[in-house]
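Asks: Quick one: the structure is below, questions incoming.
All of the numbers you see were taken from the coordinates with simple rules; none came from a lab. Treat the numbers as computed from the prediction; the structure is a model and nothing was measured. Positions of Cβ are backbone-derived with ideal geometry, glycine not excepted, and every protein chain shown enters the neighbour counts.
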Amino acid sequence: MGVFQRLKQAVSTGLESLVDEIENREAVALATVQEMERGVARVMLQRKRVERRVARLEQAAADLESAMDLWRERALRDRRNRTMAVEHVRRLLESERHHAATLEEMTRARVLRDKVREDERVLGAKLEQLRDRCVALSSRESRISVREGIEGAEAVEEAFDRWEARIEEREAIAELEAHSAGINGRDGVSNEEAAEAERRLDEILHEELPS
């Protein structure tokens with residue numbers, strides 16, 4: 001295999017390894033983002049369950065308050081019938097106990113709801129940051145891979161330029177050698193021509209000299 005073919009393959013292999021490495025890092029980042037998304041989804045579901053519980057407790061507290069008002073009104077209405085009035089008050093006390101317990105449970109549920117809402121807000125903000133950073137890093141690394149690919153292609157082009165320069169040098173040397181051989185060949189002909197010219201000169205001079 002020629003040196004240029006090996007160079008080309010080396011550049012290609014290097015770029016493929018770079019792409020694989022980039023894809024692996026992107027896969028890890030995307031997996032992290034997806035796991036965070038699942039976490040945010042779980043917190044969202046928990047927040048909705050807690051909100052529904054708070055709503056049920058609020059409704060229960062409101063119903064108990066209505067019941068308390070009702071038993072109080074009945075106790076006042078039936079105050080002449082002490083036995084019935086006492087029963088109404090007993091129901092009133094029972095409703096008050098249930099109402100107090102419901103308010104305590106509702107307070108705890110509201111605290112939990114607010115905490116889950118804050119967790120969801122923080123996780124959501126963190127998720128958006130991770131998404132934005134993942135996109136930004138992916139874009140930056142893509143530009144780097146393109147630039148490195150161009151540099152690799154330029155390295156191959158430079159190798160071809162040096163190859164072509166050596167070929168041109170050898171061609172120039174071969175042309176000079178051919179030219180020199182031609183000149184040497186023409187030198188033999190010129191000697192014959194010179195000898196003939198000298199003989200002709202002698203003839204001319206002999207003709208011109210007085211006898």
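Asks: Cβ-Cβ under 7 Å, sequence separation 6+ or interchain: first residue in the range 71-88 and farther than 22 Å from His99 by Cα, partner among the hydrophobic types (A, V, I, L, M, F, W, C) and crowded, with 16+ Cβ neighbours inside 10 Å. Which pairs?
Replies: Close Cβ pairs (under 7 Å, with a partner that is among the hydrophobic types (A, V, I, L, M, F, W, C) and crowded, with 16+ Cβ neighbours inside 10 Å) amount to Asp78/Ala85; Arg79/Ala85.
Asks: Still on this model: Tell me, yes or no, whether the range 61-70 has at least one residue that is part of a helix (DSSP H, G or I), out of contact with any strand residue (DSSP E or B) (no Cβ under 6 Å at 6 or more places or on another chain), within 30 Å of Val122 (Cα to Cα) and in contact (Cβ under 8 Å) with a residue 40 or more places away in the chain.
Replies: Looking for residues that are part of a helix (DSSP H, G or I), out of contact with any strand residue (DSSP E or B) (no Cβ under 6 Å at 6 or more places or on another chain), within 30 Å of Val122 (Cα to Cα) and in contact (Cβ under 8 Å) with a residue 40 or more places away in the chain, one finds none in the range 61-70, hence no.
Asks: Can you find even one residue in the range 39-60 that is crowded, with 16+ Cβ neighbours inside 10 Å, more than 20 Å from Glu128 (Cβ to Cβ) and of a type in the set (Lys, Arg)?
Replies: Yes, because at least one residue in the range 39-60 is crowded, with 16+ Cβ neighbours inside 10 Å, more than 20 Å from Glu128 (Cβ to Cβ) and of a type in the set (Lys, Arg).
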